[in-house]
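Report on one structure; see the data block that follows.
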Amino acid sequence: METIQSTQPKNNASIVSLVAGIISILVYPLDILLARLLPPEYQYGIGLLLFICTPAISISAAITAISTGILSLQRIREDHREGKGISIAGIILGALGLLVIFAFAYQLFIRNG
């Protein structure tokens with residue numbers, strides 16, 4: 001059985017974009033879930049640390065997803081590489097990650113006062 005290999009070079013930036021987009025969407029909601037599952041005596045220690053660190057990680061991942069996705073699309077146009085769909089998915093997931101972060105922040109800070 002022969003394996004068919006692609007003749008076009010791979011585009012690693014598109015994969016980075018997709019992974020960063022997935023991380024940007026999953027990190028912050030998991031933080032909210034973990035904070036609610038912590039016992040009350042740990043909520044001010046670990047919960048506060050998670051509350052501060054996870055939005056920064058999620059925002060960083062979303063910006064990375066969007067920027068590497070755009071750079072990847074530029075490389076794909078110039079060099080005729082593979083990975084256009086993966087790059088677009090990374091950009092969309094990064095944008096959705098930012099929306100999730102801002103939706104949670106709106107709910108937490110503005111709506112609840």
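Right, Ile66: open to solvent by 90 Å² or more (accessible area, probe 1.4 Å) and in a helix (DSSP H, G or I) or not?
no
Output the number of residues of the stretch 9-58 satisfying the condition of being part of a helix (DSSP H, G or I), closer than 19 Å to Ala89 by Cα and over 11 Å from the mean Cα position of the chain (by Cα).
Residues that pass the stated criteria total 4.
Just give me the residues in the stretch 67-98 being among the aliphatic types (A, V, I, L, M) and under 18 Å from the mean Cα position of the chain (by Cα), in sequence order.
Residues satisfying the conditions are Ile70, Leu71, Leu73, Ile86, Ile88, Ala89, Ile91, Ile92, Leu93, Ala95, Leu96, Leu98.
I need the full set of residues from the stretch 72-82 which are farther than 7 Å from Ser14 by Cα and assigned to a helix (DSSP H, G or I), in order please.
Within the stretch 72-82, Leu73, Gln74, Arg75, Ile76, Arg77, Glu78, Asp79 qualify.
Can you tell me how many residues within the stretch 24-49 are open to solvent by 70 Å² or more (accessible area, probe 1.4 Å) and among the β-branched types (Val, Ile, Thr)?
So the count comes out to 1.
So if I check each of Gly45, Gly85, Gly94, Gly69, which one is small (Gly, Ala, Ser), under 30 Å from Asn11 (Cα atoms) and free of Cβ contacts under 8 Å to residues at least 12 places away in the same chain?
That would be Gly85, the only listed residue that is small (Gly, Ala, Ser), under 30 Å from Asn11 (Cα atoms) and free of Cβ contacts under 8 Å to residues at least 12 places away in the same chain.
The values are calculated or read from the model by the stated rules, or taken from the named source; none is laboratory data. Computed from a prediction, not measured in an experiment: that's the story for all the values here. For neighbour counting, all protein chains shown are included, and Cβ atoms are generated from backbone atoms with ideal geometry for every residue, glycine included. The accessibility values were calculated without ligands, DNA or RNA, using every heavy atom of the protein model including side chains. Shrake-Rupley method; radii C 1.70, N 1.55, O 1.52, S 1.80 Å.
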